[in-house]
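The structure appears below as structure tokens.
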Amino acid sequence: MTNKKYLNRWNASLQGNYGKPAITLVKGKGIVVTDADGKIYMDFLGGIATNILGHAHPAIVKAVTKQVSTLSHVSNFYAHPNAIELAEKLTAMTGDKKAKVFFCQSGAEANEAALKLSRRTGRVRIVAAQGAFHGRTMGALSLTGQPSKREPFLPLIKGVKHVPFGDIDAMRKAVSKKTAMVIIEPIMGEAGVIVPPADYLQQLRQLCDKNGSLLVIDAVQTGMGRTGDWFGYEYSGITPDVITLAKGLGGGLPLGAMIALGKAAELFQPGDHGSTFGGNPVTTAAAIATIDFIESQQILNKVKKQAVNLIQELALIPGVKEVRGAGLLLGIELVSLKASDVSDSMREAGVLVNAANATTIRIAPALIVSDTQIAKFISIFKKVISDAE
Ligand SMILES: *Cc1c(COP(=O)(O)O)cnc(C)c1O
């Protein structure tokens with residue numbers, strides 16, 4: 001089977017909701033993946049910030065194999081040690097002793113859960129950011145601030161207002177004592193790795209406190225060590241009311257979480273929400289293995305150091321306008337080249353990245369990426385840009 005044959009079969013049997021895939025990936029190890037034609041690539045997108053320890057990581061393989069051959073699924077009628085252990089780890093990371101977790105499978109579901117939780121405040125209004133991405137299901141899409149994704153599916157749920165990202169005055173005008181929740185990404189990922197002003201989250205926290213509104217941090221893309229912190233907002237010093245996670249949480253397996261802190265942790269009552277697969281023994285085993293590995297190998301410190309180097313080196317490349325982001329979630333804004341062309345040329349040169357918007361290349365490699373692999377990435381990127389200019 002070749003890439004071409006697989007693509008024909010894909011087009012004939014899968015719906016047209018995605019763009020046409022360029023290649024078919026058949027195996028991976030660390031940050032290296034192989035396509036159906038046998039060509040190898042450095043995966044600098046990591047399944048969009050999802051394969052946090054890369055492909056086929058031994059710690060994850062071991063944990064999942066052991067769990068799937070012991071007990072694979074229990075439903076939510078019964079407790080399971082892995083769900084408990086993972087919830088304890090996640091709540092400990094928040095630093096809030098009252099924090100409690102709800103498990104699901106995806107980012108959209110984590111945000112759906114936050115949306116339903118906010119209804120339990122007795123309020124219905126929500127404020128979110130223009131350009132934000134919170135998922136594709138009807139509730140999550142109502143939070144998503146991208147008109148092109150929303151418009152074909154109107155009407156969405158009422159009462160959601162979108163204001164410019166990073167603009168605290170716009171938030172002040174929109175948030176009132178009727179606001180149930182404000183939802184925000186610490187760094188907007190899908191929009192093109194957009195970083196807000198340094199004091200934005202602090203001010204948003206004060207605004208939500210003043211109005212009694214929940215502050216929901218969507219850390220689906222920025223969480224799990226991606227930015228060099230566990231949840232992407234810690235640099236700000238705030239404590240949110242809700243944190244949503246998915247992407248990297250399961251180390252490549254489908255797992256999402258909605259963590260509620262403080263009083264928000266008591267809002268859901270029995271019967272309020274649920275998910276058959278949520279907190280499944282196998283996916284939670286993968287998440288525990290992922291967290292243990294990141295902690296024992298002090299990966300977060302490494303990520304922070306690598307980010308400093310990457311940002312410095314990439315910003316020096318002629319044709320690069322600026323480099324935004326934190327940790328190993330970076331947006332490389334190009335002066336004049338089309339990001340989709342650069343992404344195609346990078347793939348031909350053996351590196352997977354993506355065009356987050358028309359002018360921005362996004363990279364989100366696995367956190368285990370080595371300094372040597374980063375150096376190789378920089379030199380290939382430099383060459384691709386100079387060949388195209
Ligand atoms: C990817 C993403 C989502 C949606 O996650 P899915 O698992 O695709 O439903 C939500 N929020 C943010 C910030 C994301 O990056």
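The values are calculated or read from the model by the stated rules, or taken from the named source; none is laboratory data. Model, not experiment: these values are computed from the prediction. Note that we place each Cβ from the backbone using ideal geometry, even for glycine, and neighbour counts take in every protein chain shown.
Test Gln221 against the stated conditions and say whether it is at pLDDT 95 or above, surrounded by 24 or more Cβ atoms within 10 Å (Cβ to Cβ) and in the same structural domain as Ala113 (by TED's automatic domain parsing). First the steps, then the outcome.
On the way: at pLDDT 95 or above: yes; surrounded by 24 or more Cβ atoms within 10 Å (Cβ to Cβ): yes; in the same structural domain as Ala113 (by TED's automatic domain parsing): yes.
Criteria met by Gln221.
Looking only at the range 252-266, how many residues end up being within 16 Å of the ligand (Cβ to nearest atom) and out of contact with any Gly (no Cβ under 9 Å at 6 or more places or on another chain)?
Filtering the range 252-266 down to residues within 16 Å of the ligand (Cβ to nearest atom) leaves 252-259.
Checking which are out of contact with any Gly (no Cβ under 9 Å at 6 or more places or on another chain) leaves us with 253-254, 258-259.
Looking only at that region, the number is 4.
Would the range 326-336 turn up any residue that is buried (at least 22 other Cβ atoms within 10 Å of the Cβ) and β-branched (Val, Ile, Thr)?
Yes, that holds for at least one residue.
Suppose we filter the range 168-188 for residues that are in a loop (DSSP other than H, G, I, E, B) and in contact with a strand residue (DSSP E or B) (Cβ under 9 Å, 6 or more places away or on another chain); how many remain?
Initially, the range 168-188 is screened for residues in a loop (DSSP other than H, G, I, E, B), giving 175-178, 185-187.
From what is left, the residues that are in contact with a strand residue (DSSP E or B) (Cβ under 9 Å, 6 or more places away or on another chain) are 175-176, 178, 185-187.
Adding up the residues that qualify gives 6.
Please enumerate the residues belonging to the range 229-257 that are surrounded by 24 or more Cβ atoms within 10 Å (Cβ to Cβ) and either of a type in the set (Ser, Thr, Tyr) or under 15 Å from Val195 (Cα atoms) (or both).
Gly232, Tyr233, Thr244
Considering every residue within the range 227-242, establish whether at least one is more than 17 Å from the chain's Cα centre (by Cα), part of a strand (DSSP E or B) and within 15 Å of the ligand (Cβ to nearest atom).
no
Of the conditions (1) assigned to a loop (DSSP other than H, G, I, E, B); (2) surrounded by fewer than 24 Cβ atoms within 10 Å (Cβ to Cβ), Cys208 fails just one. Which one is it?
Of everything listed in (1) assigned to a loop (DSSP other than H, G, I, E, B); (2) surrounded by fewer than 24 Cβ atoms within 10 Å (Cβ to Cβ), Cys208 misses just condition (1).
Can you find a residue that is within 16 Å of the ligand (Cβ to nearest atom), of a type in the set (Gly, Ala, Ser) and crowded, with 21+ Cβ neighbours inside 10 Å anywhere in the range 61-74? Spell out the reasoning first.
So in the range 61-74, the residues within 16 Å of the ligand (Cβ to nearest atom) come out as none.
No, every residue in the range 61-74 fails to be within 16 Å of the ligand (Cβ to nearest atom), of a type in the set (Gly, Ala, Ser) and crowded, with 21+ Cβ neighbours inside 10 Å.
Among Ala113, Ala140, Ala99, which is the only one that is under 17 Å from the mean Cα position of the chain (by Cα), over 15 Å from Ala287 (Cβ atoms), touching a residue at least 40 places away in the same chain (Cβ under 8 Å) and crowded, with 17+ Cβ neighbours inside 10 Å? Outline the logic, then answer.
Numbers: Ala140 fails: touching a residue at least 40 places away in the same chain (Cβ under 8 Å); Ala99 fails: under 17 Å from the mean Cα position of the chain (by Cα).
Going through Ala113, Ala140, Ala99 in turn, just one is under 17 Å from the mean Cα position of the chain (by Cα), over 15 Å from Ala287 (Cβ atoms), touching a residue at least 40 places away in the same chain (Cβ under 8 Å) and crowded, with 17+ Cβ neighbours inside 10 Å: Ala113.
Sort out for me the helices (runs of 4 or more DSSP H) sitting completely within the range 78-155 that have 2 or more residues that are in the same structural domain as Tyr200 (by TED's automatic domain parsing), within 16 Å of the ligand (Cβ to nearest atom) and closer than 19 Å to Lys263 by Cβ.
Working: elements: 81-94, 107-119, 138-143, 147-150.
Ranges flagged: 107-119.
Has the range 75-86 got any residue that is in contact with a strand residue (DSSP E or B) (Cβ under 7 Å, 6 or more places away or on another chain), within 13 Å of Ile291 (Cα to Cα) and surrounded by 12 or more Cβ atoms within 10 Å (Cβ to Cβ)?
So in the range 75-86, the residues in contact with a strand residue (DSSP E or B) (Cβ under 7 Å, 6 or more places away or on another chain) come out as 83.
Retained after the next criterion (residues that are within 13 Å of Ile291 (Cα to Cα)): none.
Scanning the range 75-86, I find no residue that is in contact with a strand residue (DSSP E or B) (Cβ under 7 Å, 6 or more places away or on another chain), within 13 Å of Ile291 (Cα to Cα) and surrounded by 12 or more Cβ atoms within 10 Å (Cβ to Cβ), so the answer is no.
What residue, among those in the range 139-164 that are in contact with a Ser or Thr (Cβ under 7 Å, 6 or more places away or on another chain) and of a type in the set (A, V, I, L, M, F, W, C), is nearest to Arg125 (Cα to Cα)? Write out each step before concluding.
Of the range 139-164, the ones in contact with a Ser or Thr (Cβ under 7 Å, 6 or more places away or on another chain) are 150, 156-157, 160.
When the remaining residues are screened for being of a type in the set (A, V, I, L, M, F, W, C), the result is 156-157, 160.
Values: Leu156: 13, Ile157: 10, Val160: 6 Å.
Of everything passing the filter in the range 139-164, Val160 is nearest to Arg125 (Cα to Cα).
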